[in-house]
Amino acid sequence: MAGKGQYDIFISYRRSDSADRATLIRSYLTEWFDDNRIFLDTHEIHQGPFPDYIEEALSTSKYFVLLVSENSFSKKVDSNEIDYYYEEIRRAINKNLTIIPVLYDDIDINAIAFHNDLKSLKLQNSIIAHAEDPLALKNKLHEFTKKRTTSLKDWIAFPLAVISIYLVVSLLSGIGMYVYDNNFTSYEDAVAEAADHVCEQNGVFYYPISHNTFVIYNPENSDITKISMSRDNAHSISISENAAFKVGFWSTAVAWIYQIMKSKYKPHNGKQYLAYIGAAVAVVAGVGLGCTVERMIFPRYRTKIIRDNIEKLSFWQNVINYKYSSVNRQLIIE
């Protein structure tokens, strides 16, 4: 018996009519899978608890090849008897294995009256097995189970598409916010916004109005000037002090979306909860990325009302009063 983690394929069949077919399927699969990585139980399973090695084989497999004949689901099982064929299928579905039904006897899978917990089988792509054309069955099995190589395009296309969507949405949102900020921001909000971005060095206050242009206010002589200087000389003044970090963090988190979508919300070995958590993180990350880019392109502290007032003494006095107010930063309008 193969050890834990060594199986690629689990073959499930009804012993009463498909044992020979299962052996043939296995022989086909050994041409492109190692013999010891294909699970086929060729011994009778007796009454009792569901065997641990069956559970282990299912838990470590990726593909679940299900042989379905006209009698596969017609067996009557006593209430005190375990139908292992049914149990294998149910567990494979719960573990989100890739299920490959192989249909014999010209049956129509949609015509089978499945139990409620097996109805998802009707949504699976199936292989029709014709006795007169065994090569077609073999080729289909290979097509369904062959290892697919992932190109660079596969790795970057979806993440780029997702990020592009976020950026477009952010751009449109940013335009809307820009219009709102420039036309509906109150004087009090403008003072509060300016206070959050003003920087003090040696008793002199700096406010960025463009990438390298600052308005400087000296409270000693009430002098207000506009100068150009590098950001190295205005240590904590920037469009967004953590913008680079935020974009990097959110972009990395968005990559979760690719991993989740790649597995179609059905990660191997039943890690559904991790998938849902990852999807939630990715959505939050995308929104965070969008908001960061939006504010980098349309910074609120450069709105029209601030630009119109930043060189006025009364505005600066209100900004300083707000910034250093000791009572809950309450706004003091002089």
Residue pairs, from the table LYS226/LYS304; LYS75/LYS146; LYS119/LYS146, whose Cα atoms sit over 24 Å apart: LYS75/LYS146; LYS119/LYS146
Where chymotrypsin sites (Phe, Trp or Tyr not before Pro) fall in DSSP loop in segment 5-35, at most 14 other Cβ within 10 Å: TRP32
Semi-axis lengths (Å, descending) of the ellipsoid that matches the C-alpha gyration tensor of segment 9-145: 22, 18, 14
Neighbourhood charge, 13 Å Cβ-Cβ cut-off, centred on ASN125 and excluding it, Lys, Arg +1 and Asp, Glu -1: +1
Amide H partners (placed H, <5 Å) of VAL102, local residues excluded: LEU66, LEU67, VAL68, ILE127
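Computed from the coordinates by the stated procedures, all read-outs in this text should not be read as laboratory data. Because the structure is predicted, anything quoted here is derived from the model rather than measured. Please note: Cβ atoms are built from the backbone with ideal geometry, for glycine as well, and neighbour counts cover all protein chains shown.
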